[in-house]
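To start, the structure under review is shown below, and the notes come after it.
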Amino acid sequence: MKTGGCILTFIALILSSLPQSARAQEATQSKPNVSSREGQHDFDFNFGVWKTHIKRVLEPLSGSNKSIELNGLVTTPKIWDGRAQWEEIEADGPNGFWQAMSLFLYNPQAHQWNQSFINSKIGEFSPPLVGEFKDGRGELFSQETLNGRSILVRAVWSNIEPDSHHFEESYSDDGGKTWAPAFIADLTREKSAPVASTPTTDSDANHTDNARDGAHDFDFDFGTWKTHSSRMLHPLTGSKDWAEMDGVTVVKKVWGGKANLAEYKADGPAGQVELMALRWYNPTTHQWNIDFATPKSGALGSTPGVGESRRLLRSGINQRQNHPRAIFHLGHHTRHGAIRAGIFRRRRQDLGNQLGQQVYADSERLAHVQPATVATEKRGR
C-alpha cells in the first residue's frame with residue numbers, strides 16, 4: 001500500500017541517459033536469482049477503489065503500543081499497459097487529512113516487484129521495497145534508517161480475496177529475526193464508487209494562484225504529443241553524429257495534479273524505445289523532481305533530476321506570452337565526467353509546440369554547454 005521540468009525534458013534526459021543509466025541497471029540485473037514463475041499479474045487484485053482502515057504505530061521498535069487510526073480510500077488504476085500500478089491513498093485521522101502515493105513497477109528479468117512510496121507533505125520517495133509473491137502472499141523488503149539506526153522494512157500483502165485484503169508494514173532492527181508492526185491496513189472493495197483519480201490528460205487546472213509555489217507550473221503539459229528527438233551519439237567529443245527518433249508521448253495528471261506520468265514510445269535506428277516517466281512536486285523545496293523507468297529495469301532510476309520552473313515574460317512581439325523555462329541539475333555524468341542538465345522552453349503555445357533540450361557542461365557553473373539531446377513536440381498523435 002505504501003511507499004521538475006516538463007515531460008518533454010524527461011524524454012531528452014532519458015534518451016541521452018539510456019546507454020549509461022538504463023543499461024547500467026540492466027547490467028546489474030543480468031544474473032539475478034530469478035524465480036521460475038511469472039509474476040506480472042500478482043498485484044492485479046489491487047485494481048479499483050478500496051475503503052481502508054489504518055492503524056499506525058507511532059513509535060515502532062520502542063516497545064510502545066501507542067497508535068493512531070485513520071479511515072479513507074485507496075485508488076489503484078492500471079498504467080503502462082499493466083506493467084505498473086499507481087496507488088493513491090487518502091485518509092482522515094486525529095492529526096487531520098493524509099495523502100500518499102505508491103508506484104509499483106514489475107521487473108520481468110528478476111520476476112520481482114518494486115514499490116516506491118511518497119508522502120504528499122514531504123515530497124521525497126522512501127527507499128524502494130523489492131520482492132515477490134509466493135503462495136498468494138506478497139513480501140517486499142528494503143533498508144531504511146529510523147532514529148539514526150539502520151533497519152529492515154518488510155511490506156506484506158495477505159488474506160487476498162476478490163473484495164478484501166490485508167496489508168502490514170513491519171520494522172526489524174535485528175537483521176530480520178523479529179519484526180515489529182508499524183503500519184497495518186485492512187481494505188474492502190468500494191463497489192459503489194467509480195475508479196476515481198484515474199490518470200487523466202485533462203489540462204484544466206482547478207487551483208488558485210495566491211501562492212507562487214510552482215505546483216501547477218506544468219499543467220499545460222497534459223495531453224498527447226507527437227515527439228521528434230535528435231540525440232548526439234558522442235557528446236563532448238567534438239562529434240557531429242546525431243540519431244533521429246519519432247514517437248508519441250502521453251502525459252497524464254495523477255495525484256490531484258501533484259504528479260504526472262508520461263508514457264513514451266518511439267522508433268529510431270536501433271528499434272523501438274518505450275519508457276515511463278514520473279514527475280512529482282516537492283512542496284517543501286518548491287521544486288520538481290523527474291525520474292523514469294524502462295520495461296526491462298522495472299524500477300525508477302537511483303538519482304532523480306531536481307529543479308524548478310521560472311516564468312519569463314519577454315518583451316516585443318511576445319510581450320503577452322508566458323514562456324516557462326525549467327532547468328534541472330542532474331549531477332555528474334559518470335561516463336563523460338561532466339555536468340548534465342535539462343532545459344525546457346515552450347514556444348508558440350498558441351500552436352501547442354514545445355522544445356526540450358538536454359545539455360552537457362564541463363563545470364558546475366554550466367559553462368561550455370553542448371547540446372546532447374533535443375526534442376520537439378506538437379499536440380496530437
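Here are some notes:
- The set of residues in segment 49-63 being touching a strand residue (DSSP E or B) at 6+ places or on another chain (Cβ under 7 Å) and outside any strand (DSSP E or B) consists of L58, P60, L61.
- Of all residues in segment 117-129 being part of a strand (DSSP E or B) and within 14 Å of E169 (Cβ to Cβ), the one that is nearest to the chain's Cα centre (by Cα): F117
- I327 being more than 16 Å from the chain's Cα centre (by Cα) and either at pLDDT below 85 or assigned to a strand (DSSP E or B) (or both): yes
- Scanning segment 120-136 for residues that are of a type outside the set (F, W, Y) and farther than 21 Å from S150 by Cβ yields S120, K121, G123, E132, K134, D135, G136.
- Residues of segment 140-163 classified as touching a helix residue (DSSP H, G or I) at 6+ places or on another chain (Cβ under 9 Å) and more than 15 Å from A182 (Cα to Cα), total: 3
- Residue in segment 203-218 that is modelled with pLDDT of 55 or more and outside any loop (DSSP other than H, G, I, E, B) present: no
- Search result, residues across segment 81-99 that are basic (K, R) and surrounded by fewer than 13 Cβ atoms within 10 Å (Cβ to Cβ): none
- Residue selection: K78 fails the criterion of being modelled with pLDDT of 95 or more and surrounded by fewer than 19 Cβ atoms within 10 Å (Cβ to Cβ).
The values are calculated or read from the model by the stated rules, or taken from the named source; none is laboratory data. Note that the structure is predicted; figures quoted are calculated from it, not measured. Every residue, glycine among them, receives a Cβ derived from its backbone with ideal geometry; neighbour counts consider all protein chains shown.
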